[in-house]
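Student: The following block contains the structure, expressed as structure tokens.
The values are calculated or read from the model by the stated rules, or taken from the named source; none is laboratory data. Keep in mind it's a predicted model, so treat the numbers as computed, not measured. Because the Cβ atoms are built from the backbone with ideal geometry, glycine has one as well, and the counts that use them run over all protein chains shown. Accessible surface is based on the protein model in full, side chains and every heavy atom, while ligands, DNA and RNA are left aside. Shrake-Rupley method; radii C 1.70, N 1.55, O 1.52, S 1.80 Å.
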Amino acid sequence: MQNLLLSYYGDDLTGSTDVMEALELGGVPTVLFMRRPDGRLLARFSHCRAVGLAGTSRSETPQWMEQNLAPAFEWLKSLEAAVCHYKICSTFDSSPTVGNIGRAIEIGRRIFGQSSVPMVVGAPQLKRYTAFGNLFAAFRGEYFRIDRHPVMSRHPVTPMNEADLLVHLSRQTSLSSGLVDLAALQTDDLAQTVDQAVQNRAVILFDVESRQTQRRVGEQIWRIHDQGHGFVVGSSGVEYALLAEWAGKGIASGQASFAPPGPVDRLAVVSGSVSPTTEKQIRHALAHGFDGVEMDAMQLVTEGAKEAIERAVASGLASLAAGRSVILYTALGPQADRSAEIDHIEGARNRLGRALGDILRRLVVEKKLKRAVIAGGDTSSHALGQLAIDALTVRMPLPQSPGSPLCVAHGGGAIDGLEIALKGGQVGTDAYFETIRLGS
């Protein structure tokens, strides 16, 4: 592949599709691979100007990162894209032991031979904002500092208890860090400020609290990429910032159109999310004609997993056979969260995701479904691996729910051509599942 604008590694699957959606909306054809492709598979998408690799590092240990991120970054480096992006969640939730962003930066900095790594987290399109290094995020029409956010401050695995991102990052790495803040972004000598920062600090966070500052950040990221700073860390705010710059320079069109795919008669959803947002979406769907199948998360990760999966599949098939859409879920909101029990079992979270993937695969194959949904960021990463999908491309972005597009699966057998949406816990309107079923 030649003249790639961007390559990226997504630290979870929903984050990976978030980047793909942003790029496609900006007129940059993009493919997301589930694993490193061989030459033949890569050639199928030679028209793409951006290439992604879906990962699971958000839910992995630093030791796992050392073993798996290094070869992934080496492969991405071999593509020789102008920019390589390590994609993290826009809520920055991470810890020294799980999803360690600092360790990922250390590995990328080493592989790319880079003295300083730019970092962009704010993304107004997703209602995420950074101001003087502090992260703010919306929830149900209100805005919260991330350490006071009703959901992210109580995340079951990586609760955010610090809003100052560089303080939070300092708990994960000893690398020096600096900030290009809102005040600096308003000055005429911004380029000089950025150049000085990258000469003196190993990590440089750029504030973004508006489309205007986002454009200025995009200018600087693109300006310094060919000065040895092409490896970048951040949310899809990286793409939104670069797209503004690329559109201004005529490098990308800045826009794209997508024909709605229309409705399907039946939709299957599996959910491992404990988010109150997903809870509202499930309750809305159940009130609008979807069947619900409640599953016991503990049964899916212990010795009785096989029987629990069979029961769930049987219930799902019965609903689909009756012509109804179905949601199979392990929790209805935070009050049903069983993380404390699950976390006592080594590898249980990954097994839970794989169990949900097994269930969905059976439903899709046996009922020849055309469309499906996986809800939950960590869930999606491990569940999709059970569907034998090689790659994803965008079928329909959802501007009302940015970060959770309807995708097309590329693989073998009944999975090839499946339309699938991957929804993070905090993403989407109450009517999300019905919107996916209607395809408009």
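Student: Of these, L53, L5, L13, which one is under 20 Å from V408 (Cβ atoms), open to solvent by less than 40 Å² (accessible area, probe 1.4 Å), modelled with pLDDT of 95 or more and aliphatic (A, V, I, L, M)?
Tutor: After applying the criteria, what remains is L53.
Student: How many residues does region 25-46 contain that are touching a residue at least 12 places away in the same chain (Cβ under 8 Å), assigned to a helix (DSSP H, G or I) and surrounded by fewer than 20 Cβ atoms within 10 Å (Cβ to Cβ)?
Tutor: Final tally of qualifying residues: 3.
Student: Which pairs turn up if I take residues in region 252-266 that are in contact (Cβ under 8 Å) with a residue 24 or more places away in the chain and among the polar types (S, T, N, Q) and look for partners that are assigned to a loop (DSSP other than H, G, I, E, B) and open to solvent by less than 90 Å² (accessible area, probe 1.4 Å) with beta carbon separation below 7 Å, at least 6 apart in sequence or on another chain?
Tutor: S253/G27; Q255/G27
Student: Within region 193-201, does at least one residue satisfy the condition of being open to solvent by less than 10 Å² (accessible area, probe 1.4 Å), over 22 Å from S94 (Cα atoms) and out of contact with any Phe, Trp or Tyr (no Cβ under 9 Å at 6 or more places or on another chain)?
Tutor: Scanning region 193-201 turns up no residue that is open to solvent by less than 10 Å² (accessible area, probe 1.4 Å), over 22 Å from S94 (Cα atoms) and out of contact with any Phe, Trp or Tyr (no Cβ under 9 Å at 6 or more places or on another chain).
Student: Given the options A22, A81, name the one that is of a type outside the set (D, E, K, R) and in a helix (DSSP H, G or I).
Tutor: Unique residue meeting the criteria: A22.
Student: Look at A72 and say whether it is part of a helix (DSSP H, G or I), closer than 28 Å to W246 by Cα and in contact (Cβ under 8 Å) with a residue 24 or more places away in the chain.
Tutor: yes
Student: A follow-up question, please. Being surrounded by fewer than 20 Cβ atoms within 10 Å (Cβ to Cβ), of a type in the set (S, T, N, Q) and in a helix (DSSP H, G or I) narrows it down to one of Q67, Q114, so name that one.
Tutor: It is Q67.
Student: Something else: Would you pick out the residues in region 340-354 that are open to solvent by less than 30 Å² (accessible area, probe 1.4 Å) and within 20 Å of L422 (Cα to Cα)?
Tutor: L352, G353
The rows are residues; the columns are (1) within 19 Å of D207 (Cβ to Cβ); (2) surrounded by 18 or more Cβ atoms within 10 Å (Cβ to Cβ).
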site	(1), (2)
F139	no, no
Y143	yes, no
H149	yes, yes
R154	no, no
N161	no, no
R171	no, no
D188	yes, no
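Student: Okay, moving on. For region 253-339, list the strands (runs of 3 or more DSSP E) that sit wholly inside it and hold at least 2 residues that are open to solvent by less than 20 Å² (accessible area, probe 1.4 Å); which are they?
Tutor: By residue number, 268-271, 326-329.
Student: I'm trying to understand the selection: among the residues of region 382-416, which are open to solvent by 30 Å² or more (accessible area, probe 1.4 Å), in contact with a Gly (Cβ under 9 Å, 6 or more places away or on another chain), over 22 Å from A355 (Cβ atoms) and not in a strand (DSSP E or B)?
Tutor: Q400
Student: Any chance you could count how many residues in region 96-108 are in a loop (DSSP other than H, G, I, E, B) and either under 23 Å from E74 (Cα atoms) or open to solvent by less than 20 Å² (accessible area, probe 1.4 Å) (or both)?
Tutor: 3
Student: When region 211-221 is examined, which residues are found to be touching a Leu at 6+ places or on another chain (Cβ under 9 Å) and open to solvent by less than 40 Å² (accessible area, probe 1.4 Å)?
Tutor: T213, V217, G218, Q220, I221 - these are the residues of region 211-221 that are touching a Leu at 6+ places or on another chain (Cβ under 9 Å) and open to solvent by less than 40 Å² (accessible area, probe 1.4 Å).
Student: Here is a follow-up. When you go through (1) out of contact with any helix residue (DSSP H, G or I) (no Cβ under 7 Å at 6 or more places or on another chain); (2) under 28 Å from S401 (Cα atoms); (3) in a loop (DSSP other than H, G, I, E, B) one by one for M119, which number turns out not to apply?
Tutor: (3)
Student: OK, next. Taking only pairs six or more apart or across chains, which ones have beta-carbon atoms under 8 Å, a first residue in region 374-385 that is under 12 Å from G55 (Cβ atoms), and a second residue that is in a strand (DSSP E or B) and open to solvent by 10 Å² or more (accessible area, probe 1.4 Å)?
Tutor: S381/A54; L384/A54
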